[in-house]
Amino acid sequence: MTRPREIFEQLADAVAGVLPGDPASDLRKNVQANLRSACERLNLVTREELDVQAAVLERTREKVARLEAQVAALEAKLIKPPGSE
């Protein structure tokens with residue numbers, strides 16, 4: 001999977017490739033620095049980090065569902081109609 005930083009570097013290279021001569025090198029460096037800075041400010045996470053958090057969320061949802069069923073069962077035992085014992 002292409003990382004955001006790699007995408008921005010490819011974009012900077014493409015922009016710099018269009019410009020002629022030596023100023024392109026300076027512009028490319030400036031564009032890369034600006035894009036890198038913008039990428040870091042975006043607070044991006046990797047796909048792996050996202051997958052780990054998705055797995056944690058799924059386990060948490062399963063646990064909540066089990067606990068909700070357990071609470072419902074306990075409530076049902078507490079709220080028995082009179083004379084049903």
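The values are calculated or read from the model by the stated rules, or taken from the named source; none is laboratory data. As the structure is a computational prediction, the values presented were derived from the model and not from experiment. Here the Cβ is made from the backbone with ideal geometry for all residues, glycine too, and neighbour counts use every protein chain on show.
With out of contact with any Gly (no Cβ under 6 Å at 6 or more places or on another chain) and assigned by TED's automatic domain parsing to the domain that holds Ala12 as the only criterion, which of Glu58, Glu40 stands out?
Glu40
Criterion first (among the aliphatic types (A, V, I, L, M) and modelled with pLDDT of 80 or more) does Ala33 satisfy it?
So Ala33 passes the test.
State all residues of the stretch 14-28 that are at pLDDT 65 or above and loosely packed, with under 14 Cβ neighbours inside 10 Å; if no residue qualifies, say none.
Ala14, Gly17, Val18, Asp22, Pro23, Ser25, Asp26
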